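Undergrad: Here it is, the structure in full.
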């Protein structure tokens, strides 16, 4: 009897080993490369934890990098492919990664849902041409560029907020008001703009700049662009803006967010993605507001945008990637993500239904409503810039060359020539001309 029992145990163990091995093989681990503006990484992790509970054979790891490091970290990984590349990415330069996207269409239970839920310009921004009808990703949020003010400083200084006393205040109106506030309250900086060509686009278009030609090429030099570039140069010459953003940032993207959050800055030109972070970091320290984009010859416009999530075509697990993407893009999940992150929804149906945001902070609600009101004002060229494959080369070249003008390495004329050369090269590379 003992011998038979031992043999039976041996047989059970022998059968159990391959079964365990098969179960281990069924386990799938996916990786998302991610960056944060506010609390969205924390919210994403919570949503993915629920997904993993419903799908115990799939785990999803989030590799978080600083936004300034995103492209230089991600680009070599996707080019190398294989195990080096993430399965899913969150990016803002959608066109940059077009060769690397996975078409989710064959793996989605309802591709028509995606077509109906997300704006065509956004879906087209993933695609390689007019004949490409693939579905590669979705916007995690819609964003709009625009300014914020420290309302407490305006009130302490007794200075009127221009948008409350003027029908169409210009950039000059806003700058002079901010300078007066800084002088009266003694804060070090009146105004700042992110070190980003993308952030310069809105003021330039409002000042009458035009960039896009009918054939998709760009012409950089215009009175409106020169006026805007010179305006930012003048801020530095007058000492009313923090040098750390454009001069001491090491040549990469930089923001004046720390100065604004710490109450050292009166007016800050950035965008709606800052809202959740301000809510957490400013708290009750002071009252802050979003204000409409200033007016000029070109009207009043910000720049649309936002981050997108996309699948990468070197993944070894396309079906599981599609499951994760479809879950995150679903109405209930994306509505919760939007409400908790305080983002403007990039989903058409969610935007139409409205979002009950997870906040009672009056500054947050005011800012969200202000940016929502900016959406109908966005110019056609603003959309064209954002979704052009030449947009990011233009963005980075404006950033880098304007920075060189500010520190005295180039004249504005020389910078404009060099920006034009960059976008001409990018156009030739994209369109083969």
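The values are calculated or read from the model by the stated rules, or taken from the named source; none is laboratory data. Remember, predicted model here, so these are calculated numbers, not experimental data. Here Cβ is always computed from backbone atoms with ideal geometry, including for glycine, and neighbour counts include all displayed protein chains.
Undergrad: Can residue 86 be described as over 17 Å from the mean Cα position of the chain (by Cα) and closer than 23 Å to residue 61 by Cβ?
TA: yes
Undergrad: What is the residue count in the range 41-79 for residues that are touching a helix residue (DSSP H, G or I) at 6+ places or on another chain (Cβ under 8 Å), modelled with pLDDT of 95 or more and closer than 20 Å to residue 140 by Cα?
TA: 10
Undergrad: Could you tell me whether residue 58 is touching a residue at least 24 places away in the same chain (Cβ under 8 Å), surrounded by 17 or more Cβ atoms within 10 Å (Cβ to Cβ), in the same structural domain as residue 127 (by TED's automatic domain parsing) and within 20 Å of the chain's Cα centre (by Cα)?
TA: So residue 58 fails the test.
Undergrad: Do you know which residues across the range 365-383 are in contact with a strand residue (DSSP E or B) (Cβ under 8 Å, 6 or more places away or on another chain) and in a helix (DSSP H, G or I)?
TA: Taking the range 365-383 and keeping what is in contact with a strand residue (DSSP E or B) (Cβ under 8 Å, 6 or more places away or on another chain), we get 366-368, 370-372, 374-375, 377-379, 381-383.
Within the range 365-383, 366, 367, 368, 370, 371, 372, 374, 375, 377, 381, 382, 383 qualify.
Undergrad: If you don't mind, there's one more thing I want to ask. Kindly indicate whether any position in the range 114-125 is in a loop (DSSP other than H, G, I, E, B), in contact (Cβ under 8 Å) with a residue 40 or more places away in the chain and more than 13 Å from residue 308 (Cα to Cα).
TA: Scanning the range 114-125, I find no residue that is in a loop (DSSP other than H, G, I, E, B), in contact (Cβ under 8 Å) with a residue 40 or more places away in the chain and more than 13 Å from residue 308 (Cα to Cα), so the answer is no.
Undergrad: Right, another one. Given the options 433, 421, name the one that is outside any helix (DSSP H, G or I) and either more than 19 Å from residue 94 (Cα to Cα) or at pLDDT below 95 (or both).
TA: 433
Undergrad: Something else about it: Does the range 315-327 contain any residue that is assigned by TED's automatic domain parsing to the domain that holds residue 209, in contact with a helix residue (DSSP H, G or I) (Cβ under 8 Å, 6 or more places away or on another chain) and part of a helix (DSSP H, G or I)?
TA: Taking the range 315-327 and keeping what is assigned by TED's automatic domain parsing to the domain that holds residue 209, we get none.
No: zero hits.
Undergrad: Of everything in the range 340-354, what is in a loop (DSSP other than H, G, I, E, B) and surrounded by fewer than 18 Cβ atoms within 10 Å (Cβ to Cβ)? Give them in sequence order.
TA: Hit for the range 340-354 is 354, nothing else.
Undergrad: Sort through 63, 71, 103 and tell me the only one that's assigned by TED's automatic domain parsing to the domain that holds residue 329, part of a loop (DSSP other than H, G, I, E, B) and either buried (at least 17 other Cβ atoms within 10 Å of the Cβ) or in contact (Cβ under 8 Å) with a residue 12 or more places away in the chain (or both). Before you say what the answer is, go through the steps one by one.
TA: Details: 63 fails: part of a loop (DSSP other than H, G, I, E, B); 71 fails: part of a loop (DSSP other than H, G, I, E, B).
Just a single option satisfies the conditions, and that option is 103.
Undergrad: So, one more: Just to be sure, is residue 96 surrounded by 12 or more Cβ atoms within 10 Å (Cβ to Cβ), within 16 Å of the chain's Cα centre (by Cα) and closer than 20 Å to residue 306 by Cβ? Can you show your working first?
TA: Numbers: surrounded by 12 or more Cβ atoms within 10 Å (Cβ to Cβ): yes; within 16 Å of the chain's Cα centre (by Cα): yes; closer than 20 Å to residue 306 by Cβ: yes.
It is true that residue 96 is surrounded by 12 or more Cβ atoms within 10 Å (Cβ to Cβ), within 16 Å of the chain's Cα centre (by Cα) and closer than 20 Å to residue 306 by Cβ.
Undergrad: What's the number of the condition residue 311 fails, among (1) part of a loop (DSSP other than H, G, I, E, B); (2) in the same structural domain as residue 95 (by TED's automatic domain parsing); (3) surrounded by 24 or more Cβ atoms within 10 Å (Cβ to Cβ)?
TA: Every condition holds for residue 311 apart from (1).
Undergrad: Continuing with the same structure: Can you find even one residue in the range 336-351 that is over 24 Å from residue 35 (Cβ atoms), within 19 Å of the chain's Cα centre (by Cα) and not assigned by TED's automatic domain parsing to the domain that holds residue 209?
TA: Initial filter on the range 336-351 (over 24 Å from residue 35 (Cβ atoms)): 348-349.
Going one step further and asking which of them are within 19 Å of the chain's Cα centre (by Cα), we end up with 348.
Next cut, not assigned by TED's automatic domain parsing to the domain that holds residue 209 only: 348.
Among the residues of the range 336-351, at least one is over 24 Å from residue 35 (Cβ atoms), within 19 Å of the chain's Cα centre (by Cα) and not assigned by TED's automatic domain parsing to the domain that holds residue 209, which makes the answer yes.
Undergrad: Another one. Just checking, does the range 400-414 include any residue being within 25 Å of residue 139 (Cβ to Cβ) and either surrounded by 21 or more Cβ atoms within 10 Å (Cβ to Cβ) or assigned by TED's automatic domain parsing to the domain that holds residue 99 (or both)?
TA: For the range 400-414, residues within 25 Å of residue 139 (Cβ to Cβ) and either surrounded by 21 or more Cβ atoms within 10 Å (Cβ to Cβ) or assigned by TED's automatic domain parsing to the domain that holds residue 99 (or both): absent.
Undergrad: Which of the residues spanning the range 385-399 are under 15 Å from the mean Cα position of the chain (by Cα) and crowded, with 21+ Cβ neighbours inside 10 Å?
TA: Listed by number, the residues that qualify are 385, 386, 391, 395.
Undergrad: A further question follows. Of the residues 382, 426, which single one is within 23 Å of residue 232 (Cα to Cα), buried (at least 19 other Cβ atoms within 10 Å of the Cβ) and under 23 Å from the mean Cα position of the chain (by Cα)?
TA: The conditions single out 382.
Undergrad: Please go through the range 402-417 and pick out each residue that is under 19 Å from residue 253 (Cβ atoms) and not in a loop (DSSP other than H, G, I, E, B).
TA: 402, 403, 404, 405, 406, 415
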